[in-house]
1. What number, in percent, do you get for the relative contact order of the range D:83-148 if the mean sequence gap of Cα pairs under 8 Å and at least 6 apart is divided by its residue count?
2. Which Cα, out of B:Ala55, B:Gly181, B:Ile337, lies furthest along the positive dipole direction of chain B (beta carbon charges, K/R +1, D/E -1)?
3. Got a sec? How would B:Val377, C:Val208 order by Cβ neighbour count within 10 Å, fewest to most?
4. In the neighborhood of B:Gly82, defined by Cβ-to-Cβ distances under 15 Å, what is the net charge if each Lys or Arg adds +1 and each Asp or Glu adds -1?
5. For the range B:119-189, what relative contact order do you get, as a whole percent, if you take Cα pairs closer than 8 Å and at least 6 residues apart?
6. Scan around C:Glu178 for amide H atoms under 5 Å from its own, H built in the peptide plane at 1.01 Å from N, and keep only partners 5 or more places away or cross-chain.
7. Starting from the 7 Å offset along Cα-to-Cβ, what nm value, one decimal, do you get for the label separation of C:Ala163 and A:Ala136?
8. For peptide C:232-238, what's the mean number of Cβ atoms from other chains within 10 Å of each residue's Cβ?
Amino acid sequence: MAEATEVLTPDSPEAAAAAFGEGGDVTIIGGGTIMVPLVTHGVVQPNKALILADAGLEGVDQSGTTVTIGAMTSVSALSELDAPLGPCAANLGDSEVRDQATVGGNLCAVAPPEHPTGDLQGAFVALGASVRSTGAGGERIEPVADFLADRDNRLVLDVTYEQPQAGAFESLDRPHTHHPTPLAVSGARLADGSIQLAATGAAPTAVRLPSAEAEASDPDAAGTAALGDVRLVDDAVSSAWYRERILPVLVRRVLEQLG
Amino acid sequence: MKAVGARLPRYDGVGHVTGQTTYVDDFRVHGMLWAKALRSPVHHAAITKLDTSRAEAVPGVHAVVTHTDVPQLEYGHLSGLGIPADEPLLAKDEVRYMGQPIALVAAEDLEAATAGVAAIEIEYEERPTLWDVREAFDSDAAVVHRWGNWYPHFEDEMDRRQIRKGDIQKAFEDADHIIQGVYRPAAIEHVPMETQVSMVVPESDGRLTIHSCTQAMYFSLGVISAHLQVPLNKLKIVGGTVGGGFGGKVDTASETITALAAMKAGRPVKWRWTREEEFLASSTRAPWHMEIIDAVTSDGWILGRKMLTLHDSGAYARFSPYGLTKHSFHHTGAYTIPHLHFDGYVVFTNRVPTTAMRGFGVTSVSFAVETHMSRIVDELGLDPYEFRLKNANRIHDTSPNRISYTDPSTVDVLQSIAGATGHDLAPAYAAATREPREGEWLPDHLVDQISTEGH
Amino acid sequence: MAKHTGRGLAAIEYPSGMNQNGDPSQAWIKVKPDGRIDVFSGTSDIGNGAKTIQSQIVAESIGVPYDWVTFDNSNTDSSPVCTGTFASRATVIAGNAVLKAAEEVKTKLLEIASAEMEIGPQDLDIIDGEVQARGAPSLTMDVADVAAAATYGHGQLITGTGAELNAFAAITNSETGEVDSPPHAAISYAACAAEVEVDDETGIVRIVRMVQAYDVGKAINPTLVEGQIEGGAVMGLGLGVLEDSYPYYPSPDHRGSHFGSYFVPGMEDLPQIETIIIENPSATGPYGAKGIGEMANNSQPPAIAAAVHDAVGVWVTELPITPERVLRALDAKAAGGGQPRREGKHIVFDEELSVNSVASGISWTSDS
Amino acid sequence: MNITVNGDELEVRSPGLTSLLRVLRDELDVVGPKAGCEAGGCGACTVLVDGAPRRSCLTAVAAIDGAEVTTVEGLGAADDLSPVQQAFVHYYAAQCGFCTPGMVVAATHYLDSGGSDDRKEIQEALRGHVCRCTGYVKIIEAVAAARGGNFDLTTTAEGGYTTVMTGDAK
């Protein structure tokens, strides 16, 4: 490991934003579950690293129907929340990894070539959540889906969503030790009554399933329609063929739960 | 108190639960270097250039070891049995699988070793590959091994392992049913929790102390001494405490190369494989392809078995010829079958070489035979226990190699399971024993299968 | 859209020791002046419990408490040859080597005791660290005192050596595979009944229960035997439904390189495991023991395959029985396929997998 | 940087992004935690950081400056085993022993935080810890029974679902 790495440990959100500046050359260590192994194995060799452990970015704030989750909130702190986010969080990794992994890290997770990652992304997309981040050009608030499309050099501060009327989460569960979720579907009946669906493991990052949403009143038809919204691939944990078979099932089950 | 039969605690149990048990990676020695390997990034290629001079100049690098440093480059796992070797310790002119070690860099720390690996100049000219063992015999198949695509066996000009017993064509003629199926168990990883690791210390008396996770200290001692061309008393393996093996640590995968680096650097060197290397570059259990054709009677006797086995050895032979022979000896499973015709081939592909793993050679045949048995039961409407009990090995039955069984327990284990799961056996089957066949248990086709010779 | 349960059965056999033998193990033992026993063996303990089992054999054979025995397999300078811990040979082959060494130690201890007690060695035995005269249990001498007498009185070092080697069993006819002698040290037997639950919508197979019986010859330590059987069962479960180094075999694409992408069985995969240990002694192993460490993962995959068929009526004969393979088989069945070709007395399964369909250089049929 | 390891306050000189596992093993010579994968996948390196179980391979040491770290060595000594350590011996929950340091630490935390003897709850709590030897059966039995301690360490427990049939009985 490079002795030269400059390690910063800001002690407030403002200090974190200041230390991050415009990003670029800064590696962010949230819980460490993604970045530390990459540093250990020499895949990433940071010049400057920002450790957010003491930056005061954690916490779940529920005021009225608005839920705001700090970037450094652990995944396990979400597991008691309503669906889809709670069960989605509870489905991730194991209890130790959930204690350590953070919301911000999960939103920034890039799928390695072997399997999907970023389990929470789908739940946030379904919830219509927005991400507040900082970096070049200052603070930005945008829908999660937009953030996922353009998240280089951003420091996540928090995520906000309106409590939905109902939510559901279904994942393909192949029981083994260290769960990457090969495929999962999150759904929410939002405050305005509309239904939003999103899938994890069906494209490089989580994707909305607008075609399925359009058929939401017919869960079977919606399941089939969902296949038009995704880019399924073969990887180490599942074939595209199998994902194609299971995605409609998960969509159907989610819609049945949403009622 | 009696020691044998007692539920005594593990000899090393307290060490395990306190973290005091010392595995190879836990030894500490002053001045130790860390090693990192250059491994092939391609499945099959000629090496057209290999230049380590820039790597040797990387700050912190103390030694770079390649094939030119190995006194005896090729020494086979079965060389002790007089079987020719085929695998270089470090790749020389060619690589035949992705992950094959080409060079080892020993440096002050892993970062410098990794930089050293990156500085090695190497060029490849890729060659065609072979993956499907079934296609290895086709005239247009890529040739992937200097011995051809399948192992020549080096005995009696046989290019395969054969078993012949009785008259298989007569069995097919006499059979009421001829049932054929194909069975293909996968390659799996050993996944010991401790990855491959060794640490070698050059001693002041010229000896090498080799801290090793080998499952087989003396086997490894022989392999290392052969490659290094030194007598056994120049080497001391320190080991015996292994963080899981399952067959994957018989191969002596890291010790010799680490020893060469330690000798060249004149410093202790440790080479610990990452989990990624363990998954991708360490040997696996072999994938197998098996085709069984059984001659059976409507009342559930197996008269004969014709079987083809293709054993996916990967890029080199390692223990595969041994595994195939063992497989052939057990291809009737826990049953006595009079007419046998078995052909088995060790087939080379561009996979990571496969090797021994728990149940070596037999795990595959157990799957094939027993699944086939279940199919016969289903097709003929038989009882799964009774069909097996009928054909079960009995005392004085003979094996495929014509060896008499002295203490078979097929009957006992089946009856126990029937009892434990509440499966009612017909009275004759409930009363069956492993004692020598007689009466209804000795049909005409088994009369000449009884022998008291051997054990 | 339902879950189906099914049961399957398998019975297997497996040899102890290397195939065709020729695999030596050796050991030596020395006795300290207080009667404590030092065993030197080259057998690696890979978790199988070789240190424990061999120590138990020595304690039993000499007649001293287990905690009198120290076991050193730490290096090749002090320990003699052991071919290694594989081929289910650590208990049977290496166990016989330490047994022989221990018997020699006992004989020498009794010779010293005989001189000290003035009783013929044939009339003495060692029980729990004490030399006792047969039929006169009040006439005793502590092994500690015997060892002290040997060291300081008789000027002797009490040692024992043992070597076990079954002669190489040669193939005398490579056409037929005949061998000139038994090609194994012993054979063990086992059976497994597996109960599974198959989800016909996702194809996921869960193993619910495994009942297993093993003939171990003699359980030198029943707890360690259970450990082998339980650990093997879960490894067999992995073979059956989870693990694959080449998920797209024969293609080498998309290999899993870490614990998230290679499916090692985890704690939540664990079914109910019930174990039956049968002791039908072997003629060859120490105290009748047979080796079962390796076979312990051989019976589950076929039992699971049969159980899956029992549950949903399809045969999956490529391992592992992944959800995808189950669904593909169910699809084929629903489309009226997936059945063997029946022609006269021939019933031919899996034609699409056979060399007859895939290759031109080799074929395999019942015709000669 | 400083961390307290098993009661000893120690200075850390490794770079701040060094994993806690490598700091413990390579700098501080605390080798109980094992490098099974160095990627969070196996649990062999789990330690307690301020009382909470953490994969030390996933933890940058600079993120826990000043923390109290407890490794398996800190739970009990050979002559003073903790209840969980005793249970692992008595129930034969360790075979090769390489996963044991992490397993024992995680099980200790599970019980200390009120975990029950329910098999399913134990499986859920420890599911991220890989053991390749035991099939987990005896680990679960050990954790379920561990709370009271005071186990007879001269013998081991009979398996929960075992029948032994001798040759004579057959």
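1. Numbers: 69 pairs, mean separation 35.9, N = 66.
Once divided by the residue count of the range D:83-148, the mean separation gives 54 percent.
2. Toward the positive end, the furthest listed residue is B:Ala55.
3. Values: B:Val377 19, C:Val208 15.
Fewest-to-most Cβ neighbours within 10 Å comes out as C:Val208, B:Val377.
4. On the way: positive: none; negative: B:Glu74, B:Asp86, B:Glu155, B:Asp156.
Around B:Gly82, the surrounding residues sum to -4.
5. On the way: 25 pairs, mean separation 9.7, N = 71.
Value for the range B:119-189: 14 percent.
6. C:Thr172, C:Asn173
7. Using points 7 Å along Cα→Cβ, the separation is 7.6 nm.
8. Numbers: counts 4, 2, 7, 11, 6, 1, 6.
Mean inter-chain Cβ contacts per residue within 10 Å come to 5.
Every number here is computed from the coordinates shown, using simple stated rules; none is lab data. Predicted model, so just to flag it, every value in this text is computed and none were measured. Note: ideal-geometry Cβ built from the backbone for every residue, glycine included; neighbour counts use all protein chains shown.
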